[in-house]
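Reviewing the structure listed below.
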Amino acid sequence: MSDGIADYVSRVYRFALRLTGDPHRAEDLTQETFLRAWRKRGSLRDPRATRTWLFRIAVNLWKDQSSKGKPDAVALETEIAAGCATPDQHLQGQEELQQAIKKLSGLPPRQSQVLYLVAVEQMSLAEAADVLQINKNTAKVHLSLARKQMRETFQAKS
Amino acid sequence: MKPIDCEQLDDYLAGDLPCDWVAVFEQHVGQCPACSAEVTQWKKLGTDLQQASQALEAPSAALMESIRESCEPTRAPPREPTRARRLAAAVAVCLTAGLWLAVIPGGRESSRPPKEDHVVAVPKGPITRVELPDNVIGVPVDIGDPDVTVVWVYPVYDPAGESD
Ligand SMILES: [Zn+2]
């Protein structure tokens, strides 16, 4: 697999974690996203937009699944970190990293998704709103709430 | 234009402040300890979450492999029947562009044009991927060209529903 595809798989998987709140469902959603993307790759006009295109496919698939009765996103809690870390990932400060992820995953799903897209994926608010198919002002409110929640946690910790 | 003050912090952090306001707001940040602290915390939050997500939320090797197999062109698989059946069960076959697949009723060559729902259109372009319905089996045929895969598609025999 070329590094380019591996990078997209990683990004889609991490975003899928924000949508599904569950590593197994995130894997399934990632797989389905790439299958659909592969089938519809002719519809990608601008390769520079690949990331947002993939994320939108993931959102659409997740919405389809949710409307068919699969449960909504749930908080990941500590499960994710335990499940994904390998021995060589025991970096200095890993506990802090785990805390950060735990806190991100503990946010309400929409807040977690918007914060993730803007803070981690470095998307503009408009791009994040486009991916999540929500109003930009709504996205802004979620981002503001998420930021305050995260700040309170970090302040409480220190 | 509204006066630039702490009110614009959310827009600034969200990258949603109009371009000509950004420099003005950054001047404000330089003079406002509250906004300055927020901006510093926001940057640290982004860095921490990026590091954390990359370190702790890697997709499994199995997922990577599975997606690679699904999305990269593959050579025609060997022709043993069991393999062909597994291929059909997987529902997906990678084919070269420009081919039309016709389901041959009962496995015999058809003298009339196949019905529309028995035809799978393959778009023009590089190697592509075609979904087969559940009720057919695809059997790859070696035509001696490594760049072209021809797959015979047979309906699954169903005595109950045999009428045309
Ligand atoms: Zn201020």
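The values are calculated or read from the model by the stated rules, or taken from the named source; none is laboratory data. Computed from a prediction, not measured in an experiment: that's the story for all the values here. FYI the Cβ positions are ideal-geometry reconstructions off the backbone, even for glycines, and counts take in every protein chain you see.
So if I check each of B:Trp21, B:Trp100, which one is more than 9 Å from chain A (Cβ to nearest Cβ), over 19 Å from the mean Cα position of the chain (by Cα), more than 13 Å from the ligand (Cβ to nearest atom) and modelled with pLDDT of 90 or more? Break it down into steps so the answer makes sense when it comes.
Details: B:Trp100 fails: modelled with pLDDT of 90 or more.
Result of the check over B:Trp21, B:Trp100: B:Trp21.
Is one or more of the residues making up segment A:25-46 β-branched (Val, Ile, Thr), more than 11 Å from every other protein chain (Cβ to nearest Cβ) and in a helix (DSSP H, G or I)? Reasoning before the result, please.
Kept after step one, since they are β-branched (Val, Ile, Thr), are these residues of segment A:25-46: A:30, A:33.
Okay, now just the ones that are also more than 11 Å from every other protein chain (Cβ to nearest Cβ), so none.
Looking through segment A:25-46, none of the residues is β-branched (Val, Ile, Thr), more than 11 Å from every other protein chain (Cβ to nearest Cβ) and in a helix (DSSP H, G or I).
Regarding A:Lys68, is this residue within 14 Å of another protein chain (Cβ to nearest Cβ) and either farther than 19 Å from B:Pro59 by Cβ or modelled with pLDDT under 90 (or both)? Steps first, answer last, please.
Values: within 14 Å of another protein chain (Cβ to nearest Cβ): no; either farther than 19 Å from B:Pro59 by Cβ or modelled with pLDDT under 90 (or both): yes.
Criteria not met by A:Lys68.
Picking from B:Ala92, B:Ala55, which residue would you name as being among the hydrophobic types (A, V, I, L, M, F, W, C) and modelled with pLDDT under 90?
Numbers: B:Ala55 fails: modelled with pLDDT under 90.
Just a single option satisfies the conditions, and that option is B:Ala92.
If you take just the helices (runs of 4 or more DSSP H) that sit entirely in segment B:1-71, which of them hold at least 3 residues that are closer than 28 Å to A:Val9 by Cα? Can you show your working first?
Numbers: elements: B:9-13, B:19-31, B:33-56, B:61-71.
Ranges flagged: B:33-56, B:61-71.
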| query | When segment A:6-34 is examined, which residues are found to be surrounded by fewer than 19 Cβ atoms within 10 Å (Cβ to Cβ) and over 16 Å from A:Ser105 (Cβ atoms)? | reply | A:Ala6, A:Asp7, A:Ser10, A:Asp28, A:Glu32
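Hey, among B:Cys71, B:Cys35, which residue is without any contact (Cβ under 8 Å) to a residue 60 or more places away in the chain and either within 16 Å of the ligand (Cβ to nearest atom) or within 19 Å of A:Leu115 (Cβ to Cβ) (or both)?
B:Cys35
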